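The values are calculated or read from the model by the stated rules, or taken from the named source; none is laboratory data. Computed from a predicted model, the values in this text were never measured in an experiment. Don't worry about glycine lacking a Cβ; one is built from the backbone with ideal geometry, like all the others, and counts go over all protein chains shown. With ligands, DNA and RNA removed, areas are computed over all heavy atoms of the protein, side chains included. Shrake-Rupley method; radii C 1.70, N 1.55, O 1.52, S 1.80 Å.
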Amino acid sequence: ELFNKITINSVYKYALNDHNSLFLKFKYFDYLNKSTSIYLSDFNSVISKIDEVSSALVYEKSIATILKLPVEISMGYKNIYRKFDFETSNFAISQYINSAFLDTDITISNKFSLFASLLFNNTFNKNGTANQHYNNLLPSLSLLYKIGRNYNLKLDYSKKIRRPNANYLNPNLLLITPLYLYQGNPEL
């Protein structure tokens, strides 16, 4: 198996004042995974490639109040473009994701804190044979109780999207052994 991964990240912070900041974030991601099988006289390889570019604009307010409780607020917009390519097949897919989010971290007391988040996600997947478009509203809630100096108790709820990686999508069959074959599902 040959695996190459390149990630370039950059963050620019602009402080509006002591408690308000704007962040501009960029990311480039290049991923290549080549799995090669040599079994008896059979030889095959499966190549998965992802190119990704993303950017985000985030506003953070470190001191605010809700019902007289101290709150940290973060809100923003993020877009992602991904291209999945499988060099040994004609299946390729482009993915466009746009998200808007609001995060709050509320200090209830010196023992309790609450984190609440709401993310709106708009996804568009496109290739030569199919177009998929869907929206999701993804809430998260976390309650933290500080038991003592070294222990915390945390209760979490989160609704998330788990997207398949390139190998799970790759439709090419890879023969590892006569008993172990690997093939992804492009319908995921």
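Remarks
- Contact order relative to length of the chain, as percent, for alpha carbon pairs under 8 angstrom and 6 or more apart: 14
- Accessible area (Å², per residue) of the chain, counting only protein heavy atoms and a probe of 1.4 Å: 68
- Share of carbon and sulfur in the accessible heavy-atom surface of the chain [1.4 Å probe, %]: 58
- Mean residue ellipticity (222 nm) of the chain, computed from DSSP H runs ≥ 4 via -39,500 (n - 2.57), nearest 500: -500 deg cm²/dmol
- Pairs exceeding 29 Å between alpha-carbon atoms, taken from Lys111/Lys159; Lys78/Lys146; Lys61/Lys154; Lys27/Lys159; Lys61/Lys160: Lys78/Lys146.
- Simple spin-label estimate for Leu179 and Asp51 in nanometres, 7 Å along Cα-Cβ: 4.2
- Between Phe26 and Leu138, full extension at 0.36 nm per residue minus the direct alpha carbon distance yields a gain of 38.0 nm.
- Identified option (computed volume of the Cα convex hull per residue in Å³; candidates [x] 126; [y] 171; [z] 407): [y]
- Choice from Lys83, Lys146, Lys126 with maximal GNM fluctuation in the chain (Cα, 10 Å cutoff): Lys146
- The modelled label-to-label distance between Tyr168 and Thr7, using points 7 Å beyond Cα along the C-beta direction, is 1.8 nm.
- A simple spin-label model places pseudo-atoms 7 Å from Cα toward Cβ; at Thr65 and Thr129 they are separated by 6.1 nm.
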